Amino acid sequence: MSRLEILKAYWGATRRWRNLSGAALEEFQHQKALEMTRWVGEHSSFYRDLWAEHDLTDWRSLPTVDKRAMMDNFNAFNTAGISKDSALEIALKAERERDFAPQIGGLTVGLSSGTSGHRGAFLVSQLESTAWAGTILARALHRPLLESLLHGERIAFFLRANSNLYERIGNGRVRFSYFDLMTPPLEAVSRLETLQPTVLVAPPSLLLALLKSKPRIAPRQIIAVAETLEPQDKTRLEEGFGVIVAQIYQATEGLIAVSCRCGHLHLMEDIVAVQLEPLQLEPVPQASPLEQPRFTPIITDLWRRTQPIIRYRLNDTVQLLETGQLESTPCPCGNSWRRLAAIEGRMDDTLEFLDLTGAVRPVYPDTIRRAVLLASPSILEYAAQQLIPNELSVQLEVAPGVESAAIASVQQSLKNELGRYGIRAARLSVTIGIPVQMLNVKRRRVTRLIR
Ligand SMILES: [Zn+2]
């Protein structure tokens, strides 16, 4: 990978972050999207057929696609002529052998963790990886590159799978150290203490586990990735490590949002065009002012051509900090790109309950999270699963001695919260004892497991 190419991407990303806003940003997105749809229409037979009846200049209204459409039509979808079978075979073999640089025809193959067995495969070219590396350095380090080079930067990151990409982008002054998520905690702590990272990147569940062992490290920056960062965990981590916890919201489908130096999660408006589709819900009769509008992001990647992502509906729900206009009140950091208030995770984890009329009411994981955590300050950890509609099983870890009081207050709090949605006959079970979670599995505290 060429250092020069990374630097070019770095400068481009820095310049756009400083200079693009308002009408200029909208025009930038529009021109990039037009160029992309024109090219993709010529090179991907899947999109060509999909768009047969549509005006490509009106790209914002093109039909949407999703992971299923992409995987079902993999061969026609990508523009590199790679078949799904060969991509999956190489990626799975690499995962089994813990060789993290699977390549096919000069492209890197990645797997995305799937819902109920639906795995996604992704193809990324050399140039696309390089551009990603430069962009992420520009947006996530919150320090001029010159300063990083001068003082040295040691970046420790915990991921499910390594990609030799990270290790290749390092040089003497900016070093990346990869930790497998399966590294036993004691070993991880001792390696971290030797390394003394300046930046620590990991899923929130792992950061919390690390905090418990009180490692003697003082990173200047912590970045949460790969899992939903719940507000109570963010607070715990910030108090424990004494720094703001930033986030990178990235799917294999694209780089969607990165926290700025003020801790606000800005959409990467120059990398992907994000359209936010309001979730269609029946009005909640007694909604509290806490209830924020929720959206599903539909993303159009403005740069990547190997596996084009155009009007791709993600399986996430997010909340915005403001009204959703491209130009909003500027953040204290000086940038006016839209900011997310919360990433709530997967749409599939939206729970189903029945109201008094027998109609199905969707309830979001965040509603359950709030109801559980507000019930009692002695709750240390929780997990909630729905296996059957209208039922919910909640497991708690609480301070010793207050078990039955905590169970009763969680029961009551859930009843009250669901009652606001007109749900009065849900079957709730609250017990003590959290199932052990594998370290290499993405943590989701609220899960819907209905078949
Ligand atoms: Zn900001």
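The values are calculated or read from the model by the stated rules, or taken from the named source; none is laboratory data. None of these values were measured; they are calculated from a predicted model. Heads up, the Cβs are rebuilt from the backbone with ideal geometry, glycines too, and the neighbour counts pull from every protein chain shown.
Just one of the numbered conditions (1) in a strand (DSSP E or B); (2) farther than 14 Å from Phe157 by Cβ is not true of Glu187; which one?
Tallying (1) in a strand (DSSP E or B); (2) farther than 14 Å from Phe157 by Cβ, Glu187 fails exactly one: (1).
Taking the residues in the range 374-387 that are of a type outside the set (S, T, N, Q) and surrounded by fewer than 19 Cβ atoms within 10 Å (Cβ to Cβ) as candidates, determine which candidate is nearest to the chain's Cα centre (by Cα).
Out of the qualifying residues, it is Glu381.
Considering only the range 184-197, state which residues are exposed (fewer than 15 other Cβ atoms within 10 Å of the Cβ) and at negative phi.
Residues satisfying the conditions are Pro184, Pro185, Leu186, Glu187, Ser190, Glu193, Thr194.
Counting only residues that are closer than 30 Å to Val402 by Cβ, in contact with a strand residue (DSSP E or B) (Cβ under 7 Å, 6 or more places away or on another chain) and at pLDDT below 90, which one in the range 352-367 is farthest from the ligand (Cβ to nearest atom)?
The selected residue is Val363.
Considering only the range 220-254, how many residues are within 16 Å of the ligand (Cβ to nearest atom) and out of contact with any strand residue (DSSP E or B) (no Cβ under 7 Å at 6 or more places or on another chain)?
Matching residues across the range 220-254 total 1.
Just to check your reading of the model, which residue among Arg305, Arg370 is under 23 Å from the mean Cα position of the chain (by Cα), surrounded by fewer than 19 Cβ atoms within 10 Å (Cβ to Cβ) and part of a loop (DSSP other than H, G, I, E, B)?
When all the criteria are applied, what remains is Arg305.
For the range 107-129, give me each residue that is at pLDDT 85 or above and charged (D, E, K, R).
Within the range 107-129, Glu128 is the sole residue that qualifies.
Out of Asn390, Asn335, Asn315, which single residue is within 16 Å of the ligand (Cβ to nearest atom) and either outside the structural domain of Lys442 (by TED's automatic domain parsing) or surrounded by fewer than 20 Cβ atoms within 10 Å (Cβ to Cβ) (or both)?
Testing whether each residue is within 16 Å of the ligand (Cβ to nearest atom) and either outside the structural domain of Lys442 (by TED's automatic domain parsing) or surrounded by fewer than 20 Cβ atoms within 10 Å (Cβ to Cβ) (or both) leaves just Asn335.
From the list Ala257, Ala273, pick out the single residue that is under 26 Å from Arg445 (Cα atoms), touching a strand residue (DSSP E or B) at 6+ places or on another chain (Cβ under 7 Å) and at pLDDT 95 or above.
Result of the check over Ala257, Ala273: Ala257.
Could you tell me how many of the residues in the range 356-367 are surrounded by 19 or more Cβ atoms within 10 Å (Cβ to Cβ) and either among the aliphatic types (A, V, I, L, M) or not in a strand (DSSP E or B) (or both)?
Result for the range 356-367: 5.
In the range 389-423, what count of residues is obtained for those that are in contact with a Lys or Arg (Cβ under 8 Å, 6 or more places away or on another chain) and in contact (Cβ under 8 Å) with a residue 40 or more places away in the chain?
Total satisfying the criteria: 6.
Taking the condition polar (S, T, N, Q), modelled with pLDDT under 85, away from the ligand (no atom under 16 Å from the Cβ) and at negative phi, does Thr306 pass?
No: the conditions fail for Thr306.
Within the range 373-382, track down each residue that is part of a helix (DSSP H, G or I) and among the acidic types (Asp, Glu).
none
Taking only the range 255-271 into account, find how many residues are out of contact with any Lys or Arg (no Cβ under 6 Å at 6 or more places or on another chain) and more than 9 Å from the ligand (Cβ to nearest atom).
Qualifying residue count, the range 255-271: 6.
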